[in-house]
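These notes concern the structure reproduced below.
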Amino acid sequence: MEAVAERAGSRNVVSPAFTGMSENKKLGTWVDRMVAEAVAKGKPVSQIVSLTPDLASVLLDRNPNNRKISASTVENYAHEIKNGAWVFNGEPIIISDTGELNDGQHRCQAVIDAERAIDALLIFGVKRESRTTLNRGKVRTVGDYLSMEGHAYANVT
């Protein structure tokens, strides 16, 4: 699946080893190979890919015991994707060393709902237990965004 890995989900690049497989099976096999590579190296590996609705579906099928998906978050992301406002920012979708999705379920569902692919950084091979440490950062406020735009006293309360 290395040929497909260059543009995961691309229907115009197919390795002969995957002839006759369904798209989801090809993508699932590719994910398994990336996880195996990370485990063999003893450290995570990453790749920027086209996160297609098919790949997003494969990843969501590997999403047990996660928090409930927020419909409003998915709707907001899907709206941005449909309107071309989604921006690649390097925030990764994380697949654990067990092949399960640790982070990225809202983006995956939004890609499916928008029926459009986005570029995404996928990181494979992170310890499964690390998922409880995600999304603990300080949420940015309106004042933070204004300050980043150069407005003085944006965070004065």
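The values are calculated or read from the model by the stated rules, or taken from the named source; none is laboratory data. In this text, all values refer to a predicted model and were calculated from it rather than measured experimentally. Heads up, the Cβs are rebuilt from the backbone with ideal geometry, glycines too, and the neighbour counts pull from every protein chain shown. These area figures cover heavy atoms from the full protein model, side chains too; ligands, DNA and RNA do not enter into them. Shrake-Rupley method; radii C 1.70, N 1.55, O 1.52, S 1.80 Å.
Of note:
- Among the residues making up segment 28-40, those that are in contact with a strand residue (DSSP E or B) (Cβ under 7 Å, 6 or more places away or on another chain) and open to solvent by less than 50 Å² (accessible area, probe 1.4 Å) are Val31, Met34, Val35, Ala38.
- Only residues that are open to solvent by 40 Å² or more (accessible area, probe 1.4 Å), polar (S, T, N, Q) and closer than 19 Å to Asp119 by Cβ were counted in segment 46-66, giving 2.
- Residue that is farthest from Arg67 (Cα to Cα) [pool: residues in segment 84-121 that are among the β-branched types (Val, Ile, Thr) and out of contact with any Cys (no Cβ under 9 Å at 6 or more places or on another chain)]: Val87
- Residue satisfying condition, being assigned to a loop (DSSP other than H, G, I, E, B), of a type outside the set (S, T, N, Q) and open to solvent by 80 Å² or more (accessible area, probe 1.4 Å), within set Lys25, Lys43: Lys43
- Within segment 41-75, the set of residues being free of Cβ contacts under 8 Å to residues at least 12 places away in the same chain, over 14 Å from Ala110 (Cβ atoms) and polar (S, T, N, Q) comprises just one member, Asn65.
- Qualifying residue in segment 67-76 (condition: crowded, with 18+ Cβ neighbours inside 10 Å and at negative phi): yes
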